[in-house]
Every structure is written in structure tokens, then in C-alpha cells.
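What follows is a single structure, written as C-alpha cells, with notes after it.
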Amino acid sequence: MNTSLANFLISVASDPDKVAQFNNPSERNSLIDNSDLSTEDKDALKSGDVSTLLERLSAGPEELTWVLTPVGTGFGIAFGIRTGMELTGERSARARTASKTASRARKSAKRPAAKTRRRPKAKSRK
Amino acid sequence: MTAAVTAPGLGEVVFVGTGFSLVTQTTPEALGAMRRADKLFHVVAEPAAAVWIKSLNPTAESLALLYREGKPRGETYREMVGRILEHVHRGEKVCVALYGHPTIGCDPTQMVLALGRDEGFAVRILPAISSDACLYADLGIDPMVDGIQAYEASVFVQRRPRIDTRTPIVLWQIGFIGESSIQFSGRANKPGVTALARRLTAYYGKDHKVAIYQASWYPFLPSTVIWTDIRSLPETATAAVATLFVPARRRPATSRTAGSPRPRRAGAQARPPGVRRPY
């Protein structure tokens, strides 16, 4: 971890005046030039390129995991994404079977409800 | 949100979000929770944020170190929850700081919330700035004008929900479609993006313009917005954590902007785009 660059970024982000200065190109360069950062760090900041900045901040590729890790959703697992075939929209035999089973279950669940909606038979007159 | 009142002997958990932009998108309330915690865990989006969090509370520990290439994310999340519970069972006040919003796309939050209800410890969740909030600001979108549809991209591809092309769509994590682990390369899973493009083509055609969006990590750098057509999406969407914004295909029939514009009354002011008509 490049702590000097990280601390510089934190000091800027924590100070609304410095953030405003940074958003003004001419003031930004003087703020960067007056810092104790290395030339490489200063160049990375001046480039305005996020990838360059993240590379300077990270000591190695393992630290770049910071920006790549979703905190959420194991949906890939939850919804059974297992093969590239399923992803392309072509459903696997397993998915088709599961779908048929679910469809049958839905139909059978609907039956009693349909009966209740049926009109009562008219009483036969004797 | 708060779930349950802590049972005797148990600690409590508060989930906070740090937004995206370094320091500036963390609310004072979240800041207080991070400072006061007996144990602070975090998963943040860029390295300087971790240094900043450590300066707030010396107990700070990154849960991001539990990620491994090839390891299912579900397993990583369960380990994260295990680390959190160790401290809750010791009766400590635990704070978990996550980038973005703590309930948007965050499995550990939901898992701890459910466990809190079962075991009887309090779980609090503080609101934060999410990626879609940043997207609305950066693209100048008012979701109240045409409405909004939002899906996690894998869910969108797998569940195939019926969509309304008159309403814009926000799709989170387009680079992780069909990806149950993580890639340290940070590259999007191309077969997943291709499947997404195919699904969108069926509704919008190949020429419809979409925006690949990534909120800025720093208050002094702009967010990344790449406009492309659906045809070029698999080649253009290269970042794993990007969000996709799909504008409406056409305005709703009820909108005054549909078809030829109505003649404006003399002296009437034009409304800026995205601003609602007053009732």
C-alpha cells in the first residue's frame, strides 16, 4: 500500500476547500506540486486517470481486489448459473425439468381456487 | 432499520455504507458508528478508503481479504458473517462498513439480519449513497418522470422478467453475470455480458444506446460514463463492477414529449428535461 499517496488523497477528500481546489485544474496542479509526494505519484494524480491512480496506490495485483469485489449477491449460485450454456439462453435439460415441475405445481395449486370461483349449481326444481 | 433488541450477553451490529467517493459520501451518523464500535469490519472499494477507516478506529479489519479467485462468493460471505458473529457473541458492538449502500447487493447484511432475528441480537442498518443514486446525479435522471426498473444483472438474465421498454432500466454488476467467484483481473465476464446483450436486443434492437456507468472513487474525479449501442456492449463493457443504464425506448404515450411537441402558450416557460410537471 502506498500510504503517502493514500494519506494525501484522504487529506484532500476530508477538506471541502481542498476538494474545490482540486476541481479547478490550475489550483489542482499547484496543490499537487506543493505536496511531498513522489514524481510518479504526482504524475498519476495529474493524469486524472483512475486506473493509474489505483495502480500507484496498490502495492501489487492482490491489493487491486479492493475495486473488484462485489459485496453482494451470490445470485450466480442462488439461481443455478452453472454452465455457459444456460447463460446463452439455451436451457439445460435440468432447467427444463425444473421448469416443468414448477409449472405442474402451479397448475395443481390453482385447481382448488378455480373450483371455489365456480358458480353454484342452480337448485333443481321439483 | 433495527431488528430485535439485544438479548443479554450478546452484542449488536450496525451496518453502514461509505458510498463510493472517498470520505465525502460517508454520513456523520455512519462516521460516529464506525468510531464508536468495539470492532470495525469493512469491505471498501479502493485502497485509500481502507487507510482512512483504520485511522477512524484501530480495530478496523478488512473482510475483503477473505475473497479468493475460484472460491465461491457465497462461501466468502458465510465466512464474513462468521467473523462478525464471533464478536457479537462476545457481547461487542460491531460495525460493518461496506462500500455503496449496506443493503443494496450485500448478502452478508441480509444473512446477519436473519441471524439477529433468530439469535436475538440487534442489527441496525444506516442508509448510504448507492451506485444508482450516483448514476441519477451523474446522468441527470429523475426516476419519477418515467419510473425505473432495476435488477441485479444475473437475475435479469436468468429470471427473464417482463420489462417495460418505456421505462429505463438500471442493471447492477453487469460484469459478474454467471460469475460465482471473483476475478482479480477485474475484467467483466464476457459470456455473461453477451447473454445480457442478446436479451436486451430482443426488446430494444441492436442500435439502442446504453450507458456503462461506474461511480467515481474520488470527489475530484468524474465518474466513468461510456455510451455505446447494445451491439457493442460485450466489447465495451470491460469493468466487472459496472452498472448499465438502459434508457427508455420511447416516451410513454401519455407524455407531452411524445410525438410532435404541442405548441406552447405565449409566455410559458420550457421545463428542463427530467423535471416533473407540477400537479
Item to check | Residue satisfying condition, being open to solvent by 20 Å² or more (accessible area, probe 1.4 Å), at positive phi and either modelled with pLDDT of 90 or more or not assigned by TED's automatic domain parsing to the domain that holds B:GLU119 (or both), within set B:GLY82, B:GLY91, B:GLY70, B:GLY100 | outcome: B:GLY91
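Provide a single number: the residues in region A:8-20 that are within 11 Å of chain B (Cβ to nearest Cβ), in a helix (DSSP H, G or I) and surrounded by fewer than 17 Cβ atoms within 10 Å (Cβ to Cβ). Don't jump to the end; show me each part of the working.
Quick first cut of region A:8-20, residues within 11 Å of chain B (Cβ to nearest Cβ) only: A:8-16, A:18-20.
When the remaining residues are screened for being in a helix (DSSP H, G or I), the result is A:8-13, A:16, A:18-20.
After this cut, where a residue has to be surrounded by fewer than 17 Cβ atoms within 10 Å (Cβ to Cβ) as well, the list is A:11, A:16, A:20.
Looking only at that region, the number is 3.
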Checklist entry - Which residues, counting only those in region B:120-140, are at pLDDT below 95 and open to solvent by 30 Å² or more (accessible area, probe 1.4 Å)? => result none
Checklist entry - From B:LEU63, B:LEU40, B:LEU10, which residue is crowded, with 23+ Cβ neighbours inside 10 Å and modelled with pLDDT under 95? => result B:LEU63
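Quick grid of which residues meet (1) in a strand (DSSP E or B); (2) within 21 Å of B:GLY100 (Cα to Cα):
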residue	(1), (2)
B:ALA150	yes, yes
B:PRO161	no, no
B:THR167	no, no
B:VAL210	yes, no
B:TRP217	no, yes
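Matching residues to (1) assigned by TED's automatic domain parsing to the domain that holds B:LEU171; (2) touching a Lys or Arg at 6+ places or on another chain (Cβ under 7 Å); (3) open to solvent by 10 Å² or more (accessible area, probe 1.4 Å):
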{"position": "B:ARG198", "(1), (2), (3)": "yes, no, yes"}
{"position": "B:ALA211", "(1), (2), (3)": "yes, no, no"}
{"position": "B:GLN214", "(1), (2), (3)": "yes, no, yes"}
{"position": "B:PRO222", "(1), (2), (3)": "yes, no, yes"}
{"position": "B:ASP229", "(1), (2), (3)": "yes, yes, yes"}
{"position": "B:PRO234", "(1), (2), (3)": "yes, yes, yes"}
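Among B:GLU29, B:GLU46, which is open to solvent by 40 Å² or more (accessible area, probe 1.4 Å) and touching a residue at least 24 places away in the same chain (Cβ under 8 Å)?
Numbers: B:GLU46 fails: open to solvent by 40 Å² or more (accessible area, probe 1.4 Å).
Answer to the check: B:GLU29.
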Checklist entry - Taking into account only those residues within region A:21-41 that are out of contact with any helix residue (DSSP H, G or I) (no Cβ under 7 Å at 6 or more places or on another chain) and of a type in the set (Gly, Ala, Ser), which is surrounded by the most Cβ atoms within 10 Å (Cβ to Cβ)? => result A:SER38
Next on the checklist: Just checking: which of the helices (runs of 4 or more DSSP H) contained wholly in region B:1-117 hold 2 or more residues that are among the β-branched types (Val, Ile, Thr)?
Outcome noted: B:47-56, B:73-88
Checklist entry - If you scan region A:21-44, which residues turn out to be facing chain B (nearest Cβ under 9 Å), assigned to a helix (DSSP H, G or I) and not charged (D, E, K, R)? => result A:GLN21, A:PHE22
Checklist outcome for this item: Subset of region B:159-175, residues of a type in the set (A, V, I, L, M) and modelled with pLDDT of 95 or more, comes to B:ILE169, B:VAL170, B:LEU171
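Limited to region B:141-176, what total is found for residues that are among the charged types (D, E, K, R), touching a residue at least 12 places away in the same chain (Cβ under 8 Å) and either outside the structural domain of B:THR236 (by TED's automatic domain parsing) or open to solvent by 30 Å² or more (accessible area, probe 1.4 Å) (or both)? Working first, answer last.
Step one: filter region B:141-176 for residues among the charged types (D, E, K, R), giving B:142, B:146, B:152, B:159-160, B:162, B:164, B:166.
Adding the requirement that they be touching a residue at least 12 places away in the same chain (Cβ under 8 Å) leaves B:142, B:146, B:152, B:160, B:164, B:166.
Of the ones still in play, those that are also either outside the structural domain of B:THR236 (by TED's automatic domain parsing) or open to solvent by 30 Å² or more (accessible area, probe 1.4 Å) (or both) are B:142, B:146, B:160, B:164, B:166.
Residues that pass the stated criteria total 5.
The values are calculated or read from the model by the stated rules, or taken from the named source; none is laboratory data. Only a predicted model underlies this, so the values are computations on that prediction, with no experimental measurement involved. All Cβ positions, glycine included, derive from the backbone under ideal geometry; neighbour counts span all protein chains shown. Note: accessible area is taken over every heavy atom of the protein model, side chains too, but ligands, DNA and RNA are not part of it. Shrake-Rupley method; radii C 1.70, N 1.55, O 1.52, S 1.80 Å.
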